[in-house]
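Peer 1: Please find one structure pasted underneath; my questions will follow.
The values are calculated or read from the model by the stated rules, or taken from the named source; none is laboratory data. Treat the numbers as computed from the prediction; the structure is a model and nothing was measured. Methodologically, a virtual Cβ is constructed for each residue, glycine included, from the backbone with ideal geometry; neighbour enumeration extends over all protein chains shown.
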Amino acid sequence: MWELTKSFRFEAAHALSGTTLGAATEEIHGHSFRAEVTLRGTPDPATGMVLDLGLLQQSIAEVQKKLDHKLLNNVEALGLPTLENLSRFVWERLQHAGPITRVSIHRDSCSESCTYYGPRG
């Protein structure tokens, strides 16, 4: 069994009210985000790949376009712009691309991350 991970970055702003972090989170502020999409599987004997990363990159580019340089509070279907909702949002939009097992969203400047494993089947 192999795991294959592809990362991408996006810059975005958000505002979160009702946290214990204080008034600064209630104001619109920005972060640099890094997303990691991980797939698990066995390489195809003909190609030697779990998944053609070019195909995954095409799907990632669509998701990246929805998030990069956006106000996350206005992104449809995201909900509150938390790390939890971001990881779920990315997973839902990439699950068709291949055997995705998890999506992690990192906010390195805050030393924070969240990983979503998809719904339990």
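Peer 1: For the stretch 72-102, give me each residue that is touching a helix residue (DSSP H, G or I) at 6+ places or on another chain (Cβ under 9 Å), in a loop (DSSP other than H, G, I, E, B) and either without any contact (Cβ under 8 Å) to a residue 12 or more places away in the chain or more than 16 Å from L16 (Cα to Cα) (or both).
Peer 2: Result: E76, A77, L78, G79, G98.
Peer 1: Of the conditions (1) of a type outside the set (S, T, Y); (2) in a loop (DSSP other than H, G, I, E, B); (3) in contact with a Leu (Cβ under 8 Å, 6 or more places away or on another chain), P43 satisfies every one except a single condition; which number is it?
Peer 2: Evaluating P43 over (1) of a type outside the set (S, T, Y); (2) in a loop (DSSP other than H, G, I, E, B); (3) in contact with a Leu (Cβ under 8 Å, 6 or more places away or on another chain) leaves (3) as the failure.
Peer 1: Tell me, please, whether a residue that is of a type in the set (S, T, N, Q) and touching a strand residue (DSSP E or B) at 6+ places or on another chain (Cβ under 8 Å) can be found in the stretch 18-30.
Peer 2: no
Peer 1: Which of the residues that make up the stretch 95-110 are among the β-branched types (V, I, T) and touching a Lys or Arg at 6+ places or on another chain (Cβ under 6 Å)? Working first, answer last.
Peer 2: Step one: filter the stretch 95-110 for residues among the β-branched types (V, I, T), giving 100-101, 103, 105.
Of everything in the stretch 95-110, just one residue is among the β-branched types (V, I, T) and touching a Lys or Arg at 6+ places or on another chain (Cβ under 6 Å), namely T101.
Peer 1: Further question: Evaluate the stretch 19-41: report whether one residue or more is among the β-branched types (V, I, T), modelled with pLDDT of 95 or more and surrounded by 14 or more Cβ atoms within 10 Å (Cβ to Cβ).
Peer 2: Yes, the stretch 19-41 contains a residue that is among the β-branched types (V, I, T), modelled with pLDDT of 95 or more and surrounded by 14 or more Cβ atoms within 10 Å (Cβ to Cβ).
Peer 1: A further question follows. Are any residues in the stretch 79-119 crowded, with 20+ Cβ neighbours inside 10 Å and farther than 23 Å from L4 by Cα, and if so, which ones?
Peer 2: P81
Peer 1: Could you tell me whether the stretch 57-71 includes any residue that is in contact with a His (Cβ under 9 Å, 6 or more places away or on another chain), surrounded by 15 or more Cβ atoms within 10 Å (Cβ to Cβ), of a type outside the set (K, R) and assigned to a loop (DSSP other than H, G, I, E, B)?
Peer 2: No, the stretch 57-71 contains no residue that is in contact with a His (Cβ under 9 Å, 6 or more places away or on another chain), surrounded by 15 or more Cβ atoms within 10 Å (Cβ to Cβ), of a type outside the set (K, R) and assigned to a loop (DSSP other than H, G, I, E, B).
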